[in-house]
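Undergrad: To start, I am sharing the structure in question, which I have written as structure tokens.
The values are calculated or read from the model by the stated rules, or taken from the named source; none is laboratory data. The model shown is predicted, which means the values in this text are computed figures rather than measured ones. We place every Cβ from the backbone using ideal geometry, glycine too, and count neighbours over all the protein chains shown. When the accessible area is computed, the model is the full protein with side chains, heavy atoms only, and any ligands, DNA or RNA have been set aside. Shrake-Rupley method; radii C 1.70, N 1.55, O 1.52, S 1.80 Å.
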Amino acid sequence: MTRLCVSILLSLIALTNARPKTAPEQKCKSGPVDLVFIIDSSRSVRPHEFETMRKFMIDILDTLDIGADATRVGVIQYSSQVLNEFSLKTHFTTEAMVKGINEIIPLAQGTMTGLAIKYTMDVAFTPEAGDRPKVPNVAVIVTDGRPQDRVAEVAAEAREKGMEIYAVGVARADMTSLRAMASPPFEDHVFLVESFDLIHQFGLQFQDKLCGLDMCVESDHGCEHICESSPGSYHCLCLPGYTLNTDGKTCSAIDLCAQGKHDCEQVCISSPGSFTCDCNKGYTLNAEDKKTCTMIDYCSFGNHSCDHQCVSILNGYHCKCNLGYHLHDDGKKCQHMDLCNSVEHGCDFQCVSTPGSFYCICPEGQLLQDNGKSCGTCKSANIDLVFLIDGSKSVRPQNFELVKKFVNQVVDSLDVSAQGTRVGLVQYSSRVRTEFPLNMYHTAEDIKAAVMKVDYMEKGTMTGLALKHMLENSFSEAEGARPAARNIPRIGLVFTDGRSQDDITEWAKLTKEAGLTMYAVGVGKAVEDELREIASDPVEKYFYYTTDFSAINTIAENLKLNVCPAESQGEIEVKDPCACESLVEFQQATMSSMEQLTQKLAAMTTRLGDLENQLLSRK
């Protein structure tokens, strides 16, 4: 619409300059336009040339339908600066505008055309300056020289904001700069004349273009899709889904698939300006979004005939058997697998097959060991053992090293593994510290290395606090103790060299009520009554004492026999040697204690609370 109005305007301008005025002419009723003249008044424009431009503007005004609701006109002159002579809202009569033009005094400085265009865009065509919404904005630039600033960027911005720019160059004007300013098509918006005296030729090019002439009808426009007329001109448009080519006439389909402007998961099918999604073979398009794809579930058709399981695959399916079965040659039926006859099962006595697995059994009177394959008469080697060692000041550093060697001597006698014996270590003095829990190390070598790295704590001897820590933490499943239901013996070994500085009675009792088998080992100034109170019954079996740290290696050998007598070779005489039968009794007693634990749980909880209150009150 902008170009329609402006082309009509310029058609009349051409007629005005090309033909002498003999009588008032009918003004072109092309509709309202907001028109701003941008006049070059640089020093290169001579006074008589500026007068020619002044007359040029006045002649154009005579052809326009001037008024507040018709065509509004503003005039800007520029050189090294921009000067607003009058704005779009200053005058609404031709007479007032002519008077304003005749009063213009040229600036006679440089040629800052870019600055003038920016001023026109930012100031002249604003509501504050009289610009009206939905009314075409037209700028006519008249210049005689090359701009001293950059015009391409600011002109492009102005055109994007809706300005239609006509560039009229005179004499020394640069065609490249004119094209950089003007709106396309350039043949309708760029004019170059040799002198100011010939500026009327700007209008001669429109003398055959009358108001309202439909160039789309009257000319061979060459538009491939749509021709849109403007008075004395036209431009081509394309149908939706197409874009205009650089020739300004032909159209090409917009391929959104090729441009990547789609969100199809697998296949994009292009149509002009649009697309549809499809899926690869073996997939179906999801009806919810029409974009994503789901593999076709051939098993869901119900005609697979698989004996056990049907597994859908791309473009088909295959049958699968449950664990313990293998697929028959027909690819559908399943047969049971006898693993005892097909694998190295390793059972000592007998292998029993189950679907997909097997298990071992032992002859009557023998027990299946924790490895699930071996048979034996004793399983006592599998225990959860926690050492509770005294790190008080009275032990002294050199003796503490002997204590660590004592622990490692006992570890050497055990079948250490994740499934066999597990070992934890707690040191105590005035406080309690877990050196490593039951589930940290699974080889004797790792345990022994960790023991030798333990640092000596020193300070007091809080044996009661240590027993409490062992009961509440060390034998928890969180720290690696195996579930009580597995009946794996839980053994605590307390090592001390002196009297406890807190009460041990209650906690010693609770540990045994919880089903723990407690060994008490004392050296030097250890109190025999406290050791007996800690030890399990029969006390003689679980209580050891020596006056000298150097003799604790003998206790370690005795403990080796008591923990797992099946490993003993009998070369060391011990206080209370135990046979495998005795150890079975020990296990039965432990299991019995675990059963009693459930009945005593409520009472023990009450006692724990009372004891904690007593400890708090003593503090």
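Undergrad: Determine whether GLN419 is under 47 Å from the mean Cα position of the chain (by Cα), open to solvent by 10 Å² or more (accessible area, probe 1.4 Å), at pLDDT below 90 and over 22 Å from TRP507 (Cβ atoms).
TA: Values: under 47 Å from the mean Cα position of the chain (by Cα): yes; open to solvent by 10 Å² or more (accessible area, probe 1.4 Å): yes; at pLDDT below 90: yes; over 22 Å from TRP507 (Cβ atoms): yes.
It is true that GLN419 is under 47 Å from the mean Cα position of the chain (by Cα), open to solvent by 10 Å² or more (accessible area, probe 1.4 Å), at pLDDT below 90 and over 22 Å from TRP507 (Cβ atoms).
Undergrad: Tell me the helices (runs of 4 or more DSSP H) entirely within region 94-181 that contain at least 2 residues that are charged (D, E, K, R).
TA: 94-102, 152-160
Undergrad: Identify, from the list CYS310, CYS347, the residue that is open to solvent by less than 70 Å² (accessible area, probe 1.4 Å) and under 46 Å from the mean Cα position of the chain (by Cα). Before the answer, list the steps.
TA: On the way: CYS347 fails: under 46 Å from the mean Cα position of the chain (by Cα).
Of CYS310, CYS347, the one residue that is open to solvent by less than 70 Å² (accessible area, probe 1.4 Å) and under 46 Å from the mean Cα position of the chain (by Cα) is CYS310.
Undergrad: Checking ARG499 against (1) open to solvent by less than 60 Å² (accessible area, probe 1.4 Å); (2) under 17 Å from GLY391 (Cβ atoms): exactly one of these is not met. Which one?
TA: (1)
To keep it simple, each residue is scored yes or no on (1) within 27 Å of PRO32 (Cα to Cα); (2) at pLDDT 90 or above.
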| site | (1), (2) |
| --- | --- |
| LEU107 | no, yes |
| ALA116 | yes, yes |
| ASP122 | yes, yes |
| PHE125 | yes, yes |
| ALA129 | yes, yes |
| ALA152 | no, yes |
| MET175 | no, no |
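Undergrad: With respect to SER536, is the statement that it is surrounded by 18 or more Cβ atoms within 10 Å (Cβ to Cβ) and either in contact with a Leu (Cβ under 7 Å, 6 or more places away or on another chain) or in contact (Cβ under 8 Å) with a residue 40 or more places away in the chain (or both) true?
TA: No: the conditions fail for SER536.
Undergrad: Would you call LYS404 open to solvent by less than 50 Å² (accessible area, probe 1.4 Å), out of contact with any strand residue (DSSP E or B) (no Cβ under 6 Å at 6 or more places or on another chain), basic (Lys, Arg) and not in a loop (DSSP other than H, G, I, E, B)?
TA: Working: open to solvent by less than 50 Å² (accessible area, probe 1.4 Å): yes; out of contact with any strand residue (DSSP E or B) (no Cβ under 6 Å at 6 or more places or on another chain): yes; basic (Lys, Arg): yes; not in a loop (DSSP other than H, G, I, E, B): yes.
Yes.
Undergrad: Inspect all residues belonging to region 61-81 and state whether any of them is assigned to a helix (DSSP H, G or I), closer than 27 Å to PRO147 by Cβ, modelled with pLDDT under 95 and in contact with a His (Cβ under 8 Å, 6 or more places away or on another chain).
TA: no
Undergrad: Considering each residue of region 476-530, count those that are at pLDDT 90 or above, within 48 Å of the chain's Cα centre (by Cα) and either hydrophobic (A, V, I, L, M, F, W, C) or not in a helix (DSSP H, G or I) (or both), and give that number.
TA: Looking only at that region, the number is 7.
Undergrad: If you take the residues of region 267-296 that are within 15 Å of ILE313 (Cβ to Cβ) and either among the hydrophobic types (A, V, I, L, M, F, W, C) or not in a strand (DSSP E or B) (or both), which of them is most open to solvent (accessible area, probe 1.4 Å)?
TA: Across region 267-296, the extreme among qualifying residues is LYS281.
Undergrad: Further question: Would you pick out the residues in region 422-449 that are within 44 Å of the chain's Cα centre (by Cα), crowded, with 21+ Cβ neighbours inside 10 Å and aromatic (Phe, Trp, Tyr)?
TA: Within region 422-449, just TYR441 meets the criteria.
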